[in-house]
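Here the structure comes first, spelled out in structure tokens, and everything after it is commentary.
The values are calculated or read from the model by the stated rules, or taken from the named source; none is laboratory data. As the structure is a prediction and not an experimental result, all values here were calculated from the model. When we count neighbours, we look across all protein chains shown, and the Cβ atoms used for this are built from the backbone with ideal geometry, even at glycine. Ligands, DNA and RNA are excluded from the accessible area calculation, which covers all protein heavy atoms including side chains. Shrake-Rupley method; radii C 1.70, N 1.55, O 1.52, S 1.80 Å.
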Amino acid sequence: MLKLDALQVELDAEAGIVRAIDGLALAIRRGETFALVGESGCGKSMTALALMRLLPDSGAVTAGDITLDGTDLLGLPESAMRAVRGGRIGMIFQEPGTSLNPVLTVGRQMLETIEAHTPLRGAAARAKAIDWLKRVGIPEPERRFDDYPFRMSGGQKQRVMIAMTLAAEPDYLVADEPTTALDVTIQKQILDLLRDLQHEQGLGLLLITHDLAVVAGMAQQVALMYAGQIIEVAPADQFFARPQHPYAQALLRALPDAGRRGQPLAAIAGTVPPLTQEFIGCRFAPRCGYAQPTCHATRPELHGPAGRQVRCLLLQDGGPGLVDGPTDDAVVAQAPAAATPGPDAPPLLQVTGLSVSFVLRKPLLGGQPARFDAVKGVSFKVQAGQTLALVGESGCGKTTTGKAIVQLLRHQARIEGQALLDGSNLFELEGAALRDARRAVQIIFQDPFASLNPRMRMAEILDEGLAALQPQTTPDERRARIERITEQVGLRREALQRWPHEFSGGQRQRIAIARALAVSPKLIVCDEPTSALDVSVQAQILNLLRELQRELGVSFLFITHNIAVVEYIADAVAVMRAGRIVEQGACADVLYRPVDDYTRTLLAAVPRMQGA
Ligand code: SF4
């Protein structure tokens, strides 16, 4: 058994001592998947690094034990720990691209691991490496053995990492977000593979993830972390059917799905507290809808039978329980709905035969330059006041389609076809008509930090776009509009004087939404607007987008790979593959009665909570 007991990890940061993990205990058995879940910064990855004794220089285990079949890992000399690390306990990380050495072939890297942790050498070691490449589904393993990592796709590199880790025949595997960077079809292959190998070899798996649907399909036991502590631990089926801790309940209610369509998601107000402070009461109290005065003064401990424990004062033996219901769960005010045109109204945006191709390189001696066709003749329409979701895996052309419509590719790509917005072809506009079109079609990007100028305050960021696209407005008019929109996206006016780095990820995405709304657009292209956000923050942003659509009648072209978000927010869906739309129609038809084989494969690969 791999056991962590009363583990405490501290980091020496600029802001002071950060207690990243505080009193964590868990046990992983062979043949079992133990999932450690929680939102960013809760201490999941730090737990894995502490377990492998790979903490950064600024971090240290300050209390507690880590034992492997009774052996104290924290007391082992580094030479002995090296044999455990990669030998008895393997580890796979989220980003395979950075975990593989780019200047060595994958075969060379596999041989290093096999020779370090098994008695095999020479031809026998090579045969074992090739056998593992085959087992993880790498085609032509003998040939790919001599390939460098850059010649492989993200999914193949992750499979090489798994092959390399498992070739050392570990008893336990620590997998930190092993599929987060992958498309759903590759994710399914990797998770199926891990499940098979676990059955065959009796691996004990510590699965660290923020994706509750992945956990539902894989884990037997779940521990939920919040602010450096485990706050609930339970068998997976019980955790999903009857979560006990108020945070666990809120997190599951914040997940979008078809059943919650038309209703606001339960956003969790506030943010995770900084771990530099000394906590007196419950760490979740400032955000908890059930909090009582005692919660702010008394520190709750984990209690309950082994394997089914919760850290909440009200749920302790003799406690009152969670009787009165959440008192301050975020309630989203229902704004009056904007008038939506009837089903026969002409579409707001009608795209016909859109093709986008990029020049890869110009030949030195003349002739035709090599081109890459990213989008190949796609046609779709977006109705006024509605949401069309454009879904598909990475590289399918969905972002290129969105950028072409927002006119971001005019000088970089050859664009053919038509995009009629209110009857005018966006691709043929010039001068004032082009400026009006740029105002009418706005975009929100995936990474709100990268899309905001770090040297401008929020007020300047919003004013810049407004002044450029509506030059006739006076500074006073613009200030009044900016203040109104700031409130509309749920930020306070004081925020206008702050810099982007002073906001959380969710707040930054609100600024990006405010910037798009400032110029009164008719259509907003939302390019994966919530995929970089935690579930509770995602709920806030989805609620905001729904509310703005209802209030202002704005349309969304919603680019995403997250089918649960599509189920929740979209009216219509178009599925893209390799630059083409393979299927489109009303949301319910495409998602529940797909006719195209690829759509079926894509939907079948999506992990579901109902699997719990
Ligand atoms: Fe909420 Fe109080 Fe329980 Fe903490 S102890 S989770 S504040 S009810």
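In segment 277-321, of all residues being of a type in the set (Ser, Thr, Tyr) and farther than 22 Å from Ala25 by Cα, the one that is nearest to the chain's Cα centre (by Cα) corresponds to Tyr290.
Inspect all residues belonging to segment 434-447 and state whether any of them is of a type in the set (Val, Ile, Thr) and open to solvent by less than 20 Å² (accessible area, probe 1.4 Å). Among the residues of segment 434-447, at least one is of a type in the set (Val, Ile, Thr) and open to solvent by less than 20 Å² (accessible area, probe 1.4 Å), which makes the answer yes.
Contact map, segment 488-503: residues that are within 18 Å of Glu547 (Cα to Cα) paired with residues that are of a type in the set (A, V, I, L, M, F, W, C), Cβ distance under 6 Å, separation 6+ or inter-chain. Pairs shown: Val489/Ile513; Val489/Ala514.
Applying the set (1) open to solvent by 40 Å² or more (accessible area, probe 1.4 Å); (2) at pLDDT below 85; (3) assigned to a loop (DSSP other than H, G, I, E, B); (4) over 30 Å from Asp422 (Cα atoms) to Gln334 leaves exactly one unmet item: (4). Please determine whether any residue of segment 194-214 is open to solvent by less than 20 Å² (accessible area, probe 1.4 Å), over 30 Å from Gln244 (Cα atoms), under 25 Å from the mean Cα position of the chain (by Cα) and modelled with pLDDT under 90. No, segment 194-214 contains no residue that is open to solvent by less than 20 Å² (accessible area, probe 1.4 Å), over 30 Å from Gln244 (Cα atoms), under 25 Å from the mean Cα position of the chain (by Cα) and modelled with pLDDT under 90. Does at least one position in segment 280-303 carry a residue that is more than 11 Å from the ligand (Cβ to nearest atom), in a loop (DSSP other than H, G, I, E, B), out of contact with any Asp or Glu (no Cβ under 9 Å at 6 or more places or on another chain) and without any contact (Cβ under 8 Å) to a residue 40 or more places away in the chain? Yes, segment 280-303 contains at least one residue that is more than 11 Å from the ligand (Cβ to nearest atom), in a loop (DSSP other than H, G, I, E, B), out of contact with any Asp or Glu (no Cβ under 9 Å at 6 or more places or on another chain) and without any contact (Cβ under 8 Å) to a residue 40 or more places away in the chain. Look at segment 134-148: where a residue is closer than 23 Å to Gln187 by Cβ and a partner is open to solvent by 70 Å² or more (accessible area, probe 1.4 Å), sitting 6+ places away or on another chain with Cβ atoms under 7 Å, you get Gly137/Gln189; Pro141/Lys134. In segment 500-523, the qualifying residues are those that are assigned to a helix (DSSP H, G or I) and among the polar types (S, T, N, Q), and the one that is nearest to the chain's Cα centre (by Cα) is Gln509.
Give just the number: which of (1) among the small types (Gly, Ala, Ser); (2) buried (at least 23 other Cβ atoms within 10 Å of the Cβ); (3) more than 24 Å from Leu603 (Cα to Cα) does Ala219 not satisfy? Here Ala219 clears every test but (3). Restricting Ile230, Ile208 to residues that are under 30 Å from Cys295 (Cα atoms), among the β-branched types (Val, Ile, Thr) and within 16 Å of the ligand (Cβ to nearest atom) narrows the list to Ile230. Does any residue of segment 54-76 turn out to be in a helix (DSSP H, G or I), out of contact with any helix residue (DSSP H, G or I) (no Cβ under 8 Å at 6 or more places or on another chain) and within 22 Å of Asp171 (Cβ to Cβ)? Scanning segment 54-76 turns up no residue that is in a helix (DSSP H, G or I), out of contact with any helix residue (DSSP H, G or I) (no Cβ under 8 Å at 6 or more places or on another chain) and within 22 Å of Asp171 (Cβ to Cβ).
Within segment 245-265, being within 16 Å of the ligand (Cβ to nearest atom) and surrounded by fewer than 22 Cβ atoms within 10 Å (Cβ to Cβ) holds for Gln249, Leu252, Arg253. For segment 168-182, the criterion of being over 19 Å from Gly86 (Cα atoms) and either among the acidic types (Asp, Glu) or free of Cβ contacts under 8 Å to residues at least 12 places away in the same chain (or both) is satisfied by no residue at all. Scanning segment 484-499 for residues that are assigned to a loop (DSSP other than H, G, I, E, B) and within 26 Å of the chain's Cα centre (by Cα) returns Val489, Gly490, Leu491, Trp499. Taken over segment 135-153, the criterion of being part of a helix (DSSP H, G or I), open to solvent by 40 Å² or more (accessible area, probe 1.4 Å) and either at pLDDT below 90 or touching a Gly at 6+ places or on another chain (Cβ under 9 Å) (or both) is satisfied by Arg135, Phe150, Arg151. Exactly one residue among Pro326, Pro347, Pro320 is open to solvent by 30 Å² or more (accessible area, probe 1.4 Å) and modelled with pLDDT under 65, and that residue is Pro326. Among the residues of segment 585-600, is there at least one that is touching a residue at least 60 places away in the same chain (Cβ under 8 Å) and open to solvent by 60 Å² or more (accessible area, probe 1.4 Å)? Looking through segment 585-600, none of the residues is touching a residue at least 60 places away in the same chain (Cβ under 8 Å) and open to solvent by 60 Å² or more (accessible area, probe 1.4 Å). If only residues of segment 409-427 that are under 18 Å from Gly385 (Cα atoms) and part of a strand (DSSP E or B) are counted, the one that is least open to solvent (accessible area, probe 1.4 Å) is Ala419.
Taking first residues from segment 395-411 that are within 25 Å of Glu430 (Cβ to Cβ) and partners that are basic (Lys, Arg) and surrounded by fewer than 24 Cβ atoms within 10 Å (Cβ to Cβ), the Cβ contacts under 9 Å between residues at least 6 apart in sequence or on separate chains come to Ala404/Arg410; Val406/Arg438; Gln407/Arg438; Leu409/Lys403. Apart from one condition, Val272 fits all of (1) open to solvent by less than 30 Å² (accessible area, probe 1.4 Å); (2) within 15 Å of the ligand (Cβ to nearest atom); (3) touching a helix residue (DSSP H, G or I) at 6+ places or on another chain (Cβ under 9 Å); the exception is (1). Being assigned to a loop (DSSP other than H, G, I, E, B) and either open to solvent by 20 Å² or more (accessible area, probe 1.4 Å) or away from the ligand (no atom under 12 Å from the Cβ) (or both) is not true of Gln238.
Kindly evaluate Val573 against the criterion of being under 30 Å from Gln470 (Cα atoms), in contact with a helix residue (DSSP H, G or I) (Cβ under 9 Å, 6 or more places away or on another chain), open to solvent by less than 10 Å² (accessible area, probe 1.4 Å) and part of a strand (DSSP E or B). When the stated conditions are applied, Val573 does not pass them. Within segment 453-466, the set of residues being in a helix (DSSP H, G or I) and at pLDDT 90 or above comprises Met458, Ala459, Glu460, Ile461, Leu462, Asp463, Glu464.
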